[in-house]
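The values are calculated or read from the model by the stated rules, or taken from the named source; none is laboratory data. These figures come from a predicted structure and were not determined experimentally. Neighbour counts run over all protein chains shown; Cβ positions are idealised from the backbone, glycine included. All accessible areas refer to the heavy atoms of the entire protein, side chains included, with ligands and DNA or RNA removed. Shrake-Rupley method; radii C 1.70, N 1.55, O 1.52, S 1.80 Å.
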Amino acid sequence: MGLGPGLFDVLQEYWPIFLKGTIGTLKYAAIAVSLGSVLGAFIALINLSKNKIANTIGSVYVNVLRGTPLLVQMYIAYFFLPIAIPVLNGVTKEVYVLIALILNSSAYVSEIIRGGINSVDKGQTEAARSLGLTASHTMTKIVLPQAVKNILPALANEYIAMIKETSLAGTFMLYELMYTRTLLANKFLVWQPLFIIAGIYLVLTLLLSWIVKIMEKRFAVSD
Amino acid sequence: MTNENNVLIETVDLQKSFGDLQVLKGISEKIYKGEVISVIGPSGGGKSTFLRCLNMLEEPTGGKVIFEGNVLDAKSTDLNKHRQKIGMVFQQFNVFPHLTVMENITLAPTLEKGVPKAEAEKEAMELLKKVGMEDKAQEYPRKLSGGQKQRLAIVRAMAMHPDVMLFDEPTSALDPEMVKGVLEVIRDLAQSGMTCVIVTHEMGFAREISDRVLFIDGGVIAEKGTPQELFDHPQNARTREFLSQVL
């Protein structure tokens, strides 16, 4: 038994499958990072607050999610959540895996946002408060606009990292790039999909990294 | 002027500690409306901390600050209202780099006092004219010199119509050739009747514009008096030693 069909033959015949996988990957990464950002912003505020109990909860949250493998988190979400929260019983399995991705991403994003906020000079907050600005106006009008230029490129990098992380979702039959391997293995294509998948991941991450670099340059100009 | 009805700010046994380090060891002082007060003293003596307690940027760990008859409390929501009447100018300017000069000035009045934008901008232009910066209204702070940034910071505080202005070493971070322009703006303010509390190392300036001078050392007011009393006839040995080093 030889190598079988070459890469281009496989790509030519099955490109709709790879395209659907690529779209799935981009979609799951986008959902994970965008919803993870909303949740992450809350976690960041909890970690930045002066309340010690809130700080402790926030730091446990971040440490647990960053300190355990995403695959383990997905398994727990996949097998434990349906038992623990019966209300969720009707929803598709996709939702459980996505919950794991979102929670995982929120832990990383919360640290990005916290770092971005901390990077703004404390004098800015003092000046705003001394003018009589409320704490929330100080955050929304003074600190966050200045933090964004540090946060946005880091968030884009988190999206790039998440594109690779979502490959684990294929384990749970979610239609993304890695899942195309399972589909094509049924057609006795063993090695070709692996190289094609790796190539697509590489193109995606290199392309997005290049966009982030341009973005960072733009922000640097406005300094 | 030093009538009891005219007290603007009073501190009662004001104390502040950072961890084990007690920086203010009980300062009781009254600041009267229209007074210009200079606060001098060695670095680390507590003069900046004293100033920053007056608008609760530093929360006192003991004693209290009474502003216009209200005890300031960092936890009360009204603190923002009181702070609107206490302008503050910082050593490092702390202008908002992401906002234009105009936006720096109009942000707080429009946001916190509901002043219509057009009105706030009109007033901002008048204030900018006074400090010779009307042509800079649409610039971002990165295009300004240090002296211009500090004048902007003063104008930004003035736009809130404060009852008192606090200056925390306003010229210490400036290049020497920028100092004069900023001091002139402060002098104009002081002469217009604005109550001013100025932490400064500019002894000549302090002597010229102050009604009273406080010498803070070791967390207490070691000596106070008119500029003549304090600079020409200091009573305290520490005051004499300090003045002999800086004059």
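Brief remarks follow.
- With θ taken as phi - 60° and the Karplus curve 6.51 cos²θ - 1.76 cosθ + 1.60 applied, the whole-hertz 3J(HN,Hα) list for segment B:210-224 is 7, 7, 9, 10, 10, 9, 9, 8, x, x, 9, 7, 6, 7, 8 Hz, x standing for glycine and proline.
- Under the Karplus curve 6.51 cos²θ - 1.76 cosθ + 1.60, θ = phi - 60°, whole-Hz ³J(HN,Hα) for segment B:191-208, x wherever Gly or Pro sits: 6, 7, x, 5, 6, 10, 10, 10, 7, 8, 9, 7, 5, x, 5, 4, 5, 6
- Of the DSSP H helices in chain A, those whose Cα atoms cover at least 15 Å axially and whose Kyte score averages 1.6 or more: A:70-84
- Chains B and A together, accessible area buried on both sides, 1.4 angstrom probe, square angstrom: 1800 Å²
- In the protein assembly as shown, the portion of solvent-accessible area held by carbon and sulfur atoms comes to 59 percent [1.4 Å probe, whole percent, DNA, RNA and ligands not counted].
- Per residue, the convex hull around the alpha carbon atoms of the protein assembly as shown comes to 210 Å³.
- For residues of B:92-99, the mean tally of beta carbons on other chains within 10 Å: 6
- Rounded to 10°, Cα long-axis angle of helix B:146-158 versus longest principal axis of chain B: 90 degrees
- If the convex hull is drawn through the Cα atoms of segment B:2-87, its volume per residue in Å³: 97 Å³
- List A:Thr138, B:Thr77, ordered by accessible area with a 1.4 Å probe, largest first: B:Thr77, A:Thr138
- Amide H contacts of B:Glu139 (H built 1.01 Å from N, under 5 Å, at least 5 apart or other chain): B:Val101, B:Met102
- Solvent exposure, largest accessible area first (probe 1.4 Å, DNA, RNA and ligands not counted), of A:Glu176, B:Glu126: B:Glu126, A:Glu176
- Ratio of Rg to Rh over segment A:98-165 (Cα coordinates, Kirkwood Rh, two decimals): 1.11
- For residues of B:108-117, the mean tally of beta carbons on other chains within 10 Å: 2
- The H on the amide N of B:Thr195, modeled in the peptide plane, is under 5 Å from the matching H of B:Gly34, B:Met165, each at least 5 residues off or on a different chain.
- Largest first, the three principal axis extents of the alpha carbons in chain B are 53, 42, 38 Å in whole numbers.
- Ordered from highest to lowest accessible area with the whole protein assembly present and a 1.4 Å probe, B:Arg83, A:Arg114 read as A:Arg114, B:Arg83.
- Phi to ³J(HN,Hα) by Karplus 6.51 cos²θ - 1.76 cosθ + 1.60 over segment B:66-80, Hz, x for Gly, Pro: 10, 10, 6, x, 9, 6, 6, 9, 4, 8, 7, 5, 5, 3, 4
- Cβ-defined net charge surrounding B:Gly87, 11 Å radius [Lys, Arg +1; Asp, Glu -1]: +2
- For B:Met88, distant residues with modelled amide H under 5 Å away: B:Leu166
- Overall Cα dimensions of segment A:24-177, principal axis frame, Å, largest first: 55, 31, 26
- When the C-alpha to C-alpha distance is required to be over 21 Å, the pairs from A:Lys20/A:Lys93; B:Lys25/B:Lys64; B:Lys33/B:Lys129; B:Lys33/B:Lys64; A:Lys141/B:Lys149 that qualify are B:Lys33/B:Lys129.
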